[in-house]
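Input: a single structure, listed below in structure tokens.
What follows is calculated from the coordinates using simple rules that are stated; it is not laboratory data. Predicted model, so just to flag it, every value in this text is computed and none were measured. Positions of Cβ are backbone-derived with ideal geometry, glycine not excepted, and every protein chain shown enters the neighbour counts.
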Amino acid sequence: MNLAFMPEKSKVDNLSLPEKSMINVKGLVKDFGKNRVIDGINATVSAGEVVVLIGASGSGKSTFLRCLNGLETLTAGEILIDNVRLESKSSSLKQIRRQVGMVFQQFNLFPHLTVLENVIEAPVHVLNQKKDIAVKAARELLTKVGLLDKQNCYPGTLSGGQGQRVAIARALAMHPKIMLFDEPTSALDPELVGEVLTVMKQLAEDGMTMVVVTHEMGFAREVADRVIFIDEGRIVEEGSPIQIFSNPQEKRTQTFLGRLS
Ligand code: ADP
Ligand code: MG
């Protein structure tokens, strides 16, 4: 069969189906006291899209991610996750937090639990999964992040890169629809950054919807579908990695990127 005449699957999908919006942010404002940290953000993220957020320290990136999984109350605006409005009611928040996994700079594994126990903790105690089913799924996830051989180790014996990969497996164990990453490699020694980015890249290739705050511009260039530059709580510019890195239009984006190189 001559495959050259077969249209690529993704192109067919794009023609026949409207893109499904997984995250929809409308007029988001977040104040801390008198400090306006998020100042009117509108954004949508499609299912399977990988968005990288860049911006200076203090520009509101972490606050934005925390709003997306209900860790902050919103001052104004609304957020829809898979078309469900994020409400401050606790039942709605629980639901959203299950659907939106988050990986932080400090991975905060439970030190008194083994790697496997860390990964099954939430599925067993929050989702009420049977232990043997949770263990099977956890082993598959640990295989995916390359750490099955560490399943019985305690977090204190792991390198930073291994710990962060366990943290990713732990988040995935809840079957999230979306994964948020807040500078997941910033606390790691340089030689350990690559192994974590490789796992994230694999996740992106598997079709996970991801919003990633990172200073790893190589990752952004290679993996992001879209790069968003935030300054003072506003989206200043967004576009493909090529547009943003090679041809930024806004002075503030140019200045920020200039400081990195
Ligand atoms: P970034 O992640 O881009 O570095 P953050 O979202 O962490 O930025 O912070 C943006 C601003 O919000 C900063 O001025 C920070 O001091 C402030 N801020 C963040 N969290 C809180 C909080 N819980 N209480 C008060 N101010 C906060
Ligand atoms: Mg931050």
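Here are the numbers:
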{"quantity": "Three-way shape label, segment 91-208, alpha-carbon gyration tensor, a/c 1.5", "calculated": "oblate"}
{"quantity": "Distance from segment 28-98 to segment 159-181 (C-alpha centre basis), Å", "calculated": "20 Å"}
{"quantity": "Kirkwood Rh and Cα Rg combined as Rg over Rh, evaluated for segment 53-108", "calculated": "0.98"}
{"quantity": "Overall Cα dimensions of segment 212-261, principal axis frame, Å, largest first", "calculated": "24, 21, 17"}
{"quantity": "Rel. contact order, % - alpha carbon contacts under 8 angstrom, at least six apart, segment 185-261", "calculated": "18 percent"}
{"quantity": "Semi-axis lengths, Å, the chain, gyration tensor of Cα atoms, sqrt of 5 times eigenvalues", "calculated": "29, 23, 21"}
{"quantity": "GNM flexibility winner over the chain from Glu238, Glu250, Glu87 (Cα, springs under 10 Å)", "calculated": "Glu250"}
{"quantity": "For the chain, built as a Gaussian network whose Cα springs stay under 10 Å, the top-fluctuating residue of Ser62, Ser246, Ser186", "calculated": "Ser246"}
{"quantity": "Cα Rg, Dmax, segment 25-77, angstrom units", "calculated": "11.2, 36"}
{"quantity": "Stretch gain in nm, segment Cys153-Asp82, where the contour uses 0.36 nm per residue and the Cα spacing is subtracted", "calculated": "21.9 nm"}
{"quantity": "Theoretical ellipticity at 222 nm over the chain - DSSP helices of four or more residues, -39500 (n - 2.57) apiece, nearest 500", "calculated": "-11500 deg cm²/dmol"}
{"quantity": "Under the span-like rule (Cα at least 15 Å along the axis, Kyte-Doolittle mean at least 0.5), DSSP H helices of the chain", "calculated": "115-125"}
{"quantity": "DSSP-defined beta bridges in the chain - what % are antiparallel, rounded to 5", "calculated": "55 percent"}
{"quantity": "Subset of Lys20/Lys177; Lys26/Lys177; Lys34/Lys94; Lys26/Lys89; Lys94/Lys130 violating a 22 Å alpha-carbon distance limit", "calculated": "Lys34/Lys94"}
{"quantity": "Positive-pole candidate from Met179, Pro155, Asn83, dipole of segment 55-200, charges at beta carbon", "calculated": "Asn83"}
{"quantity": "Percentage relative contact order, segment 36-89, counting C-alpha pairs under 8 Å, at least six apart", "calculated": "25 percent"}
